[in-house]
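K.L.:
Below you will find the structure I want to go over with you.
The values are calculated or read from the model by the stated rules, or taken from the named source; none is laboratory data. Since the model is a prediction, treat every value here as computed from it, not as a measurement. Glycine gets a Cβ as well: all are built from the backbone with ideal geometry, and neighbour counts include every protein chain shown. The area values use the complete protein model at the heavy-atom level, side chains included, leaving out ligands, DNA and RNA. Shrake-Rupley method; radii C 1.70, N 1.55, O 1.52, S 1.80 Å.
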Amino acid sequence: MVTHGDFSHAEASALLTALAATVAQEESLRAIVIKGEGAVHHQLREPRASGDVDLLVAPEDVDRLVARMGHLGWEPAPRSELALAVIDHSTTLVHPDWPCTLDVHRRFPGLVAPAGDAMAAMWDEREAILVAGVAVPIPSWRHAALILAANTLRAGLTEPRDVAEIRYLRRAIQAAPPGAAAGIGPAAVTLGCDASLAPFLRSLGGETARHAREARTGEQETEWWERVEAGGSMVAIERRHLQRARPRERVATAWRLVWPPLEELRLEHPDLTFDRWSALAFRLRRIVRGFSDFRRSHNPRAKRDAETLERVIGEQES
Amino acid sequence: MTRGPVAEVASAGRSAVLNLARLETQQSPYVFDGPSFEIWTRIDGTRSREDIAAELAALYAAPAEQVAADVDAFVDQLVALGLVEDTDTPPR
């Protein structure tokens, strides 16, 4: 009998990558598979099990891709009101029969060049690899490196896994032919991550370090650094969401941030079961964590500032 | 017999296969292991149903007639699903 059967995360990830690339090609959409298989192909990251597939899509093509995937059973994951308001760079698609998700990015956090310009640069340099027998577009080596650096840095290198990953990436770049590594700096300027990745660029030394930009301009860079310095905490994002709320709605918005409704807790944490008491405990822990994150973000010694990050990246592993 | 346009992840004794030509109606992969894997992996554009049945009868030391019937039944399903194109055998 031909049956659908149980397929592993590794199988699902590869097949979903192939599926997304096939759909994009059939619809003539510009979409590049980022992180994942491409990063491993470029030897910028060690192979590891991944729960999702990430696709960077030209902004004008996102809606069509999401609609097309909808015909194949892939629907946007339910999100809370806050998540929908603050996470505007990507849409997560889920399918009831698949164990992994598809993150459709219209821009990538940390890359602050206009989304269309960044995508155009990456599309021009894209390469192709075979995944599950299908040709899949991936970023060039230098663009893949910058995306990985941004992905790893945005939580302020507070997680050991992120520290290991950024150091692996740095070693991979330093081991690359000089001509290849020299392209990282100019690419960072083109993609608009010369400020957001300044500590990483400086850690690479030489010509690349000279492309690191200290001055932060614009709201995206400011928000990026607020989040990084808070160790990836959502506190900075939530504060900006509150600042953007209309004055007459600020009290209600603040209340929802501090004490989210039960249905929002369930949406944001589908893996947890909430009753009245577990929801109360969860909210209280969340408040305590929020205070701790807020204090850290205002504590010069605990802040994950650029100097601290550069030191962490450059330290030798014991 | 040839395979249709598919994405496939193959490992030792197992294949997960997604039908790229019929994604709207076949939204999740098929998994072939054991005898189904042995049949699927031999559909490579060079073998007929009879070739595959003969190989599997030898592999499993099983009666040729029974193996041939099992291979036919399985391949018929693959053809009906669009995973395989079989121009060797007239439609039943």
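K.L.:
Got a number for carbon plus sulfur as a percent of the protein assembly as shown's accessible area, 1.4 Å probe?
P.N.:
About 53 percent, which is the carbon plus sulfur part of the accessible surface.
K.L.:
Anything in chain A that counts as a DSSP H helix reaching 27 Å or more along its axis (C-alpha) with Kyte-Doolittle mean of at least -1.0? List them, would you?
P.N.:
Once both thresholds are applied, what remains is A:276-297.
K.L.:
How high is the FRET efficiency between A:D271 and A:E27 when r is their beta carbon distance and R₀ equals 30 Å, given to the nearest 0.05?
P.N.:
In this case the efficiency is close to 0.35.
K.L.:
With point charges of +1 on the Cβ of Lys and Arg and -1 on the Cβ of Asp and Glu, referenced to the Cα centre of the protein assembly as shown, which listed residue (A:L102, B:S15, B:V84) lies farthest in the positive direction of the dipole?
P.N.:
A:L102
K.L.:
While we're on this one: Could you give the alpha-carbon Rg of the stretch A:198-301 over 2.2 N^0.38 Å, rounded to two decimals?
P.N.:
1.40
K.L.:
What spacing in nm lies between the two simple spin-label points modelled at A:R64 and B:E85, each 7 Å away from Cα in the Cβ direction?
P.N.:
Distance between the two pseudo-spin positions: 2.7 nm.
K.L.:
At 1.567 mPa s and 4 °C, plugging the Kirkwood radius over alpha-carbon pairs of chain A into Stokes-Einstein gives what diffusion coefficient in µm²/s?
P.N.:
62
K.L.:
Another question, if that's okay. For B:T41, A:T308, give me the order by solvent-accessible area with a 1.4 Å probe, most accessible first, ignoring ligands, DNA and RNA.
P.N.:
B:T41, A:T308
K.L.:
With an 8 Å cut-off on Cα pairs and a minimum separation of 6 or more residues, tell me the relative contact order of chain A in percent. Walk me through the numbers before you get to the answer.
P.N.:
Numbers: 456 pairs, mean separation 54.2, N = 318.
Value for chain A: 17 percent.
K.L.:
Send over the Kirkwood Rh of chain B, from the inverse of the averaged 1/r over different Cα pairs, rounded to one decimal Å.
P.N.:
Computed over Cα pairs of chain B, the Kirkwood hydrodynamic radius comes out at 13.5 Å.
K.L.:
Farthest toward the dipole's positive end in chain B, which of B:T41, B:F74, B:Q26, given Cβ charges of +1 (Lys, Arg) and -1 (Asp, Glu) about the Cα centre?
P.N.:
Farthest towards the positive end: B:Q26.
K.L.:
Report the local net charge at A:T101: Lys and Arg +1, Asp and Glu -1, summed over other residues whose C-beta lies under 10 Å from its C-beta.
P.N.:
Once all neighbours under 10 Å are counted, the net charge is -3.
K.L.:
Please compute the volume of the convex hull spanned by the alpha-carbon atoms of the stretch A:98-166 and report it per residue in Å³.
P.N.:
Roughly 126 Å³ of hull volume per residue.
K.L.:
Count the DSSP beta bridges whose two residues both fall in chain A, then state the antiparallel fraction as a percent rounded to the nearest 5.
P.N.:
Beta bridges within chain A, antiparallel portion: roughly 75 percent.
K.L.:
Here's something else I'd like to know. Give me the one-decimal nm value for the distance between modelled label points at B:A69 and A:R289, 7 Å along each residue's Cα-to-Cβ direction.
P.N.:
Those two pseudo-labels are separated by 6.0 nm.
K.L.:
For the stretch A:1-87, which trypsin sites (Lys or Arg not before Pro) pass both filters: DSSP loop (anything but H, G, I, E, B) and at most 13 other C-beta atoms within 10 Å? Show your work: numbers first, answer last.
P.N.:
Details: sites: A:R30, A:K35, A:R45, A:R48, A:R64, A:R68, A:R79; in loops: A:R30, A:K35, A:R45, A:R48, A:R79.
In loop regions of the stretch A:1-87 (DSSP not H, G, I, E or B), the sparsely surrounded trypsin sites (Lys or Arg not before Pro) are A:R48.
K.L.:
Also, I was wondering about something else. Could you give the angle, 0 to 90 degrees to the nearest 10, between helix B:49-60's Cα long axis and the longest principal axis of the Cα atoms of chain B?
P.N.:
Roughly 70 degrees, rounded to the nearest 10.
K.L.:
I'd like the FRET efficiency for A:A252 and A:N299, computed as 1/(1 + (r/R0)^6) with the beta carbon distance as r and R0 of 25 Å, rounded to 0.05.
P.N.:
With R0 = 25 Å, the Cβ-Cβ based efficiency is 0.25.
K.L.:
Shifting gears a bit: Sorted by accessible area (1.4 Å probe), largest first, how do A:H9, A:H105, A:H211 line up?
P.N.:
Details: A:H9 95, A:H105 10, A:H211 50 Å².
Listed by decreasing accessible area, they come as A:H9, A:H211, A:H105.
K.L.:
Arrange the residues B:S11, A:S28, B:S28 by how much accessible surface each exposes, largest first, with a 1.4 angstrom probe.
P.N.:
Highest to lowest solvent-accessible surface, that is A:S28, B:S11, B:S28.
K.L.:
Between A:Q243 and B:D33, what FRET efficiency follows from the Cβ-Cβ distance if R0 is 41 Å, with the result rounded to 0.05?
P.N.:
0.15
K.L.:
Moving to a separate point now. What total accessible surface area, summed over both chains, is buried at the interface between chains A and B, computed with a 1.4 Å probe and given in Å² to the nearest 100?
P.N.:
1900
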